[in-house]
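Contents: one structure, followed by commentary.
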Amino acid sequence: MLDATHDNRLPPRAGVGYKPQHYMDIIQGSGLLGWLEVHAENYMGNGGRPIEQLRQLSKKFPISVHGVGLSIGAEGDLDPDHLARLKHLCDWLNPASFSEHLAWSTHDSHFLNDLLPLPYTAQTLTRVADHIDQVQEVLGRQMLLENPSSYLAFAESEMDETAFLSEIVKRTGCGLLLDVNNVFVSATNLRTSPQAYIDAFPLHAVGEIHLGGHDQDYNETGAPLLIDSHGKAVVDPVWALLDYTLAKTGPKPLLIEWDNDVPEWSVLAAEIARADSALVRA
Amino acid sequence: MKVTQAQFRAGLLDPSLPAPKGLANPDGAQASKRFDVYRNNVAVSLTEALIAAFPVIYKLVGDRFFRAMAGVYLRKHPPSSPLMMYYGDKMPQFLRRFEPAKSLPFLSDMARVELAMRHSYHAADATPIDGQALAELTPEKLMGTKFGFASATYVLPSDYPTYSIYHANTEDGAPKAVMRPEAMLIARPQFDPKQTLITPATAIFITSLMAGNALGVAMTAAGRDLDLGATLGLLLGQNCITTLN
């Protein structure tokens with residue numbers, strides 16, 4: 001178990017998920033942008049432009065490395081090759097933060113490219129905690145674990161997600177990445193209260209907050225089913241849930257995620273400005 | 001009721017299977033619509049990854065055909081690693097046997113080209129030799145010299161005009177392809193992989209050098225059609241050569 005005081009070094013400011021089409025805007029710009037987040041897997045090639053751009057960006061901004069492929073919630077062992085690639089990236093880049101998801105994506109060496117759900121039981125708790133211990137030991141740093149977007153639950157679950165995450169923090173000393181949009185999506189889909197989720201969340205462990213857009217679909221009965229698509233602006237109820245959260249936590253590193261149908265820089269800059277004003281209020 | 005990840009995965013990739021039992025739906029009904037969200041995420045995200053990897057094939061066959069083909073591919077060959085930048089490595093073999101694409105026999109070679117462009121883009125940075133070092137060798141020494149290559153370098157011969165088809169679909173005003181065999185060199189002078197149309201003799205020559213043969217051996221393999229000066233100039237100009245031994 002890692003010492004939980006080993007602090008996350010992202011500044012409590014607004015950041016953005018980096019997209020290569022915005023390279024010039026970001027490297028030449030100044031102002032509200034406090035830090036950048038990159039998906040780890042996009043920087044696991046051997047060289048070329050992606051690595052060079054990341055090297056240049058890291059001279060100007062604190063970088064958060066956000067993994068999407070480690071499959072921490074998998075029934076099987078973590079992929080040692082992938083863990084070694086993560087270590088290599090963290091070693092040369094020395095990012096301000098490393099985070100991954102409470103989800104699985106690989107089974108029998110097949111990677112499914114989605115963040116898949118797991119039941120919350122004593123057994124899965126032990127497995128996830130073991131995997132996080134292994135990650136923190138290999139990387140030699142604390143990691144943040146992100147709460148998922150849920151579309152369904154499992155009949156076999158023995159505890160709710162906030163209790164599961166609280167226990168993970170206790171056992172491993174990891175921090176948490178609180179995705180407020182995911183909270184809103186899951187609560188809507190599972191017919192629970194997003195505020196009650198925030199109230200029960202171990203907020204002392206939060207090292208970063210995510211905000212993103214979602215799509216709206218409907219289930220068989222015509223009730224809303226929200227899809228975490230990261231392809232739109234953040235909606236007002238999610239901004240309100242952010243204010244509710246920040247009132248409890250104070251300012252935190254706050255990220256705008258926009259991964260699909262990526263807009264021009266000015267649109268993202270407006271979201272960053274709105275995030276920044278939420279931090280000022282907090 | 002326990003749902004194993006093996007059951008979950010099987011249902012994700014096979015839409016004819018019902019959603020696994022043991023999923024909870026707060027609306028009371030079967031969770032099939034909810035399970036479909038994950039099914040859709042997997043299929044769409046892998047399809048998008050293949051569109052990004054094979055933009056020329058996508059343009060050649062069109063959106064509908066490509067998405068249908070990707071649906072077959074991703075179920076037959078789900079990714080074996082989380083590095084989506086390399087997803088699609090089995091596309092050349094897949095396309096050779098993919099019945100609906102039989103009328104476009106060059107697609108398999110085009111997939112090899114597009115994979116090589118990707119691998120070249122992400123290849124390790126290399127420090128090229130100074131051309132002067134080559135010029136200073138005596139003819140005798142030169143014949144026995146072996147070359148080290150930047151890992152971004154690829155030679156791709158084809159029975160089809162892959163170079164012309166690629167450029168006709170990526171550049172305005174590029175000439176229409178004429179049915180003939182073509183070979184290309186893919187190299188990365190700095191950050192962007194660049195294709196050069198080369199003769200069959202040049203392709204044999206560079207391939208032989210890349211296999212570790214000395215220049216004299218590669219020249220013999222290439223035969224009399226080889227333009228040695230132009231070929232060495234091309235390799236130096238594209239920053240392909242990293243060592244002389």
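Can you return the lysines within cross-link range of B:Lys33? Criterion is Cα-Cα under 20 Å, with same-chain partners fewer than 8 residues away left out.
Reachable lysines: B:Lys2, B:Lys21.
Which residue, A:Ala223, A:Ala269, A:Ala40, tops the fluctuation ranking in a GNM of chain A built on C-alpha contacts under 10 Å?
Result for chain A, Cα springs under 10 Å: A:Ala223 fluctuates most.
Using a 7 Å offset from the Cα along the Cα-to-Cβ direction at both A:Asp261 and B:Asp63, what is the distance between the two label points in nm, to one decimal?
Placing both labels 7 Å beyond Cα along the Cβ direction yields 1.3 nm.
In degrees from 0 to 90, rounded to the nearest 10, what is the angle of the helix B:32-53 Cα long axis to the longest principal axis of chain B?
Once rounded, the angle reads 10 degrees.
At R0 = 25 Å, how high is the FRET efficiency between B:Ala174 and B:Lys102 if r is their beta carbon distance? Nearest 0.05 is fine.
0.45
With springs connecting C-alpha atoms under 10 Å apart, model chain B as a Gaussian network and identify which of B:Leu50, B:Leu17, B:Leu142 has the largest mean-square fluctuation.
Residue with maximal mean-square fluctuation among B:Leu50, B:Leu17, B:Leu142: B:Leu17.
Hey, in the GNM for chain A with a 10 angstrom Cα cutoff, which one of A:His110, A:His39, A:His101 fluctuates hardest?
Taking springs between Cα atoms under 10 Å, the residue moving most is A:His110.
For B:Lys76, go through the lysines and keep the ones whose alpha-carbon is under 18 Å away, minus same-chain ones fewer than eight residues off.
B:Lys90
Between rounded, prolate and oblate, where does chain A land on the alpha carbon gyration tensor, with a ≥ b ≥ c its root eigenvalues, rounded for a/c under 1.5, else prolate if a/b exceeds b/c?
It is rounded, given that a/c, with a ≥ b ≥ c, falls under 1.5.
Considering only protein heavy atoms, what is the solvent-accessible area of A:Thr249 at a probe of 1.4 Å, reported in Å² to the nearest 10?
Roll a 1.4 Å probe over it and A:Thr249 shows about 30 Å².
What's the FRET efficiency of A:Gln123 with A:Ala200 using the Cβ-Cβ distance as r and R₀ = 25 Å, to the nearest 0.05?
0.70
In what order, largest first, do A:Trp265, A:Trp258 sit by accessible area if the probe radius is 1.4 Å?
I get A:Trp265, A:Trp258, largest accessible area first.
Could you pull out the pairs from A:Lys19/A:Lys60; B:Lys141/B:Lys194; A:Lys19/A:Lys59 whose alpha carbons sit more than 20 Å apart here?
Going by Cα-Cα distance, B:Lys141/B:Lys194 fall outside the 20 Å limit.
Given Cα pairs under 8 Å that are at least 6 residues apart, what percent is the relative contact order of segment A:11-90?
Once divided by the residue count of segment A:11-90, the mean separation gives 30 percent.
For segment B:90-185, which trypsin sites (Lys or Arg not before Pro) pass both filters: DSSP loop (anything but H, G, I, E, B) and at most 13 other C-beta atoms within 10 Å?
Within segment B:90-185, the qualifying trypsin sites (Lys or Arg not before Pro) (loop, at most 13 other Cβ atoms within 10 Å) are B:Lys102, B:Lys176.
If DNA, RNA and ligands are ignored and the probe is 1.4 Å, what is the ranking of A:His88, A:His204, A:His214 by accessible area, most exposed first?
A:His204, A:His88, A:His214
Compute the acute angle (0 to 90°) between the alpha-carbon long axis of helix B:228-237 and the principal axis of greatest extent of the alpha-carbon atoms of chain B; round to the nearest 10°.
Roughly 50 degrees between the two axes.
As a check on your grasp of the helix formula, calculate [θ] at 222 nm for the protein assembly as shown: sum -39500 (n - 2.57) over DSSP H runs of n ≥ 4, divide by the residue count, round to the nearest 500.
Rounded to the nearest 500, the figure is -13500 deg cm²/dmol.
Please identify the trypsin sites (Lys or Arg not before Pro) of segment A:185-282 that satisfy two criteria: DSSP loop assignment and at most 13 other Cβ atoms within 10 Å. Which are they?
Sparse-neighbourhood loop trypsin sites (Lys or Arg not before Pro): A:Arg191.
As a test, work out the antiparallel percent of DSSP beta bridges whose residues both lie in chain A, rounded to the nearest 5.
Of the beta bridges lying entirely in chain A, close to 20 percent run antiparallel.
Got the relative contact order for chain A handy, in percent, Cα pairs under 8 Å and 6 or more residues apart?
Value for chain A: 20 percent.
How much of the DSSP bridge set in the protein assembly as shown is antiparallel, in percent, rounded to the nearest 5?
45 percent
With a cut-off of at most 11 other beta carbons within 10 Å, and DSSP calling the residue loop, which GluC sites (Glu not before Pro) in segment B:72-181 qualify? Please list them.
Filter output for segment B:72-181: B:Glu136, B:Glu171.
Nothing charged except the Cβ atoms of Lys and Arg (+1) and of Asp and Glu (-1): what's the magnitude of the dipole of segment A:196-282 about its Cα centre? Round to the nearest 20 debye.
So the dipole magnitude of segment A:196-282 works out to roughly 480 debye.
List every residue whose amide H lies under 5 Å from the amide H of A:Gly48, counting only residues 5 or more places away in sequence or on a different chain, with H placed 1.01 Å from N in the peptide plane.
Hits under the 5 Å cutoff: B:Asp125.
The values are calculated or read from the model by the stated rules, or taken from the named source; none is laboratory data. Not measured: the values here are computed from a predicted model. Don't worry about glycine lacking a Cβ; one is built from the backbone with ideal geometry, like all the others, and counts go over all protein chains shown. The area values use the complete protein model at the heavy-atom level, side chains included, leaving out ligands, DNA and RNA. Shrake-Rupley method; radii C 1.70, N 1.55, O 1.52, S 1.80 Å.
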